[in-house]
Amino acid sequence: QVQLVESGGGLVQPGGSLKLSCAVSGSPFSRYAMDWYRQAPGKQRELVALVTSGGKIVYADSVKGRFTVSRDNTNNKMYLQMNSLKPEDTAVYYCHLSAPGTAYWGQGTQVTVSS
């Protein structure tokens, strides 16, 4: 059974930093693309960052230059380093794995940026 577990969320002041982690079990992690999504209250879930199995990375325009995604295929983990956080980054952040014919989501971790 595939499981994705996020951690690292919390409350941070504007301009601060957080690092999210996603631990994956039950899947050959290195074969698949991994993504971070987020969903703010009253808004649709949106893609934040994607890293393919080959290491290609794509960021949403809203986070370019501030967020950095990485993956550790040895330890089946993915990370999202978030710097220069803004109030509009407040959302639940989800880890997502894309596999042929299916996809898996974590339970989400809350990130709140507020003074």
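What a 1.4 Å probe finds exposed on the chain is 47% carbon and sulfur by accessible area, rounded to a whole percent.
Take every DSSP beta bridge whose two residues both sit in the chain, then give the antiparallel share in percent to the nearest 5. Each step should come with its number before you reach the end.
Values: 39 of 42 bridges.
Counting DSSP beta bridges with both partners in the chain, the antiparallel share is about 95 percent.
For the chain, which longest stretch is free of loop sites, where a loop site is one of the trypsin sites (Lys or Arg not before Pro) that DSSP puts outside H, G, I, E and B and that has at most 15 other Cβ atoms within 10 Å? Free of exposed loop sites, the longest segment is 67-115.
Enter the accessible area per residue of the stretch 1-107 (Å², integer; probe 1.4 Å; all protein chains in place). Present the calculation step by step, with values, prior to reporting the outcome.
Working: 5620 Å² over 107 residues.
Accessible surface, normalised per residue, equals 53 Å².
Taking a ≥ b ≥ c as the square roots of the eigenvalues of the Cα gyration tensor of the chain, is the shape rounded (a/c under 1.5), prolate (a/b larger than b/c) or oblate? Because a/c hits 1.5 or more and a/b exceeds b/c, the chain counts as prolate.
In summary, the lysines within cross-link reach of Lys56, defined as a Cα separation below 21 angstrom excluding same-chain residues under 8 places away, comprise Lys19, Lys64, Lys77. Taking a ≥ b ≥ c as the square roots of the eigenvalues of the Cα gyration tensor of the stretch 73-115, is the shape rounded (a/c under 1.5), prolate (a/b larger than b/c) or oblate? Note, shape of the stretch 73-115 comes out prolate.
May I ask you to derive the FRET efficiency for Gln44 and Asn73 from their Cβ-Cβ distance with R0 = 25 Å, giving the value to the nearest 0.05? Provide the component values of the computation, followed by the final result.
Values: r = 30 Å, r/R0 = 1.21.
Given R0 = 25 Å and the Cβ-Cβ separation, E is 0.25.
The values are calculated or read from the model by the stated rules, or taken from the named source; none is laboratory data. As the structure is a prediction and not an experimental result, all values here were calculated from the model. Neighbour counts are summed over all protein chains in view; Cβ atoms, including those assigned to glycine, are modelled from backbone coordinates with ideal geometry. Accessible surface is based on the protein model in full, side chains and every heavy atom, while ligands, DNA and RNA are left aside. Shrake-Rupley method; radii C 1.70, N 1.55, O 1.52, S 1.80 Å.
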